[in-house]
Amino acid sequence: MLKPHLPSLDDTEGQTIPDGFPRVIDSHVHVFPDGIFKAVRRWFDENAWHIRYELTTSGVFDFLLSHGVGHIIALQYAHAPGIAGQLNGYLAEKCRQYPARVTGLATVFPGEKNAGTILQEAFDAGLGGLKLHAHVQCFDIDADDTRRVFDVCQSNDKPVVVHFGKEPKSPVYRCDPYTLCGADKLARVLADFPELKVCVPHLGFSETREYKTLIEKYDNLWLDTTMALTDYFHIQERIGLREYRIDRIMYGSDFPNIPYAWDRELKWLRDSRLSDDELDRILNKNAADFFDLDG
């Protein structure tokens, strides 16, 4: 569970990705317009940790690209109805400033008026998928409103990244993630939308074992590693990626909303003794497949 004033680590950051790595696609990077970004940082200061990298959207992109990241998947989410269209327009314009280097995902608030139209317009504007966050948006993944959004994604062959692990829970959320979220609930969506590619971040923390089982059963499910490999949160069982279905695991950083060095997880992967092919899968090929990126 998230608690106020979790530690911010003063670990050393590298100037580039580790030597010998393939192209690195960071599949989990957060951006917002300046006003929302400032509100996000205030929320983290009050309810979690101090964000180490206080940057604008362009600053986020410039930082990662200048440090050797080859491609960025930029995520945002609408915390309330009525703002998704504005956020999508903002991100589409930002991505056009970084052609072939940044892929932005659309947002929509499930259940808001004209949600399907908002999402279709975002795809038509060039955004490459959909980001949802159950903890913040408090939607029922089985509700008709949510399924209509998934219909739009599936018909456009666009993937969905949905924060649907039960953690990190916080008492300041409007809803209880332990009630809304669950691997069993997502399994029903995966079965009902077999052509819809879905990624659950953080290896499904705190249901890592359950999500590990799901990626073995469903070919349309991926997981990203974000914050699960950094030894920041307590995880009962150390993650052994070799025990996972390697072709369904993607690297993600959660940059810039992190309390430690930007490359902490990359260093973990460097020291993990994964083979070159396994690293290429996790750092590059799996995300390229999921987000339909050119090589």
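The values are calculated or read from the model by the stated rules, or taken from the named source; none is laboratory data. Bear in mind the structure is a predicted one, so any value in this text is a computation, not a measurement. Cβ: placed from backbone, ideal geometry, glycine included. Neighbour counts: every protein chain shown.
Descriptive notes on the structure:
- If you filter the range 260-295 down to residues that are in contact with a Lys or Arg (Cβ under 8 Å, 6 or more places away or on another chain) and in a helix (DSSP H, G or I), you find that the one that is surrounded by the fewest Cβ atoms within 10 Å (Cβ to Cβ) is Glu278.
- Of the residues screened, Cys181 is one that is crowded, with 21+ Cβ neighbours inside 10 Å and within 26 Å of Glu112 (Cα to Cα).
- Residue list for the range 156-173, filter: part of a loop (DSSP other than H, G, I, E, B) and among the aliphatic types (A, V, I, L, M): Val172
- Whichever residue in the range 166-218 is touching a Cys at 6+ places or on another chain (Cβ under 7 Å) and closer than 25 Å to Tyr251 by Cβ and, among such residues, is modelled with the highest pLDDT: Leu196
- Qualifying residue in the range 213-230 (condition: farther than 20 Å from Phe63 by Cα, touching a residue at least 60 places away in the same chain (Cβ under 8 Å), crowded, with 21+ Cβ neighbours inside 10 Å and in contact with a helix residue (DSSP H, G or I) (Cβ under 9 Å, 6 or more places away or on another chain)): yes
Residues checked against (1) more than 22 Å from Leu223 (Cα to Cα); (2) of a type outside the set (A, V, I, L, M, F, W, C); (3) exposed (fewer than 14 other Cβ atoms within 10 Å of the Cβ); (4) touching a residue at least 12 places away in the same chain (Cβ under 8 Å):
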{"residue": "Asp19", "(1), (2), (3), (4)": "yes, yes, yes, no"}
{"residue": "Val24", "(1), (2), (3), (4)": "no, no, no, yes"}
{"residue": "His28", "(1), (2), (3), (4)": "no, yes, no, yes"}
{"residue": "Ala48", "(1), (2), (3), (4)": "yes, no, no, yes"}
{"residue": "Phe61", "(1), (2), (3), (4)": "yes, no, no, yes"}
{"residue": "Tyr98", "(1), (2), (3), (4)": "yes, yes, no, yes"}
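- Filter result for the condition that a residue is surrounded by fewer than 18 Cβ atoms within 10 Å (Cβ to Cβ) and in contact (Cβ under 8 Å) with a residue 60 or more places away in the chain, over Ser8, Ser66: Ser8
- For the range 200-256, the tally of residues that are aliphatic (A, V, I, L, M) and assigned to a helix (DSSP H, G or I) stands at 5.
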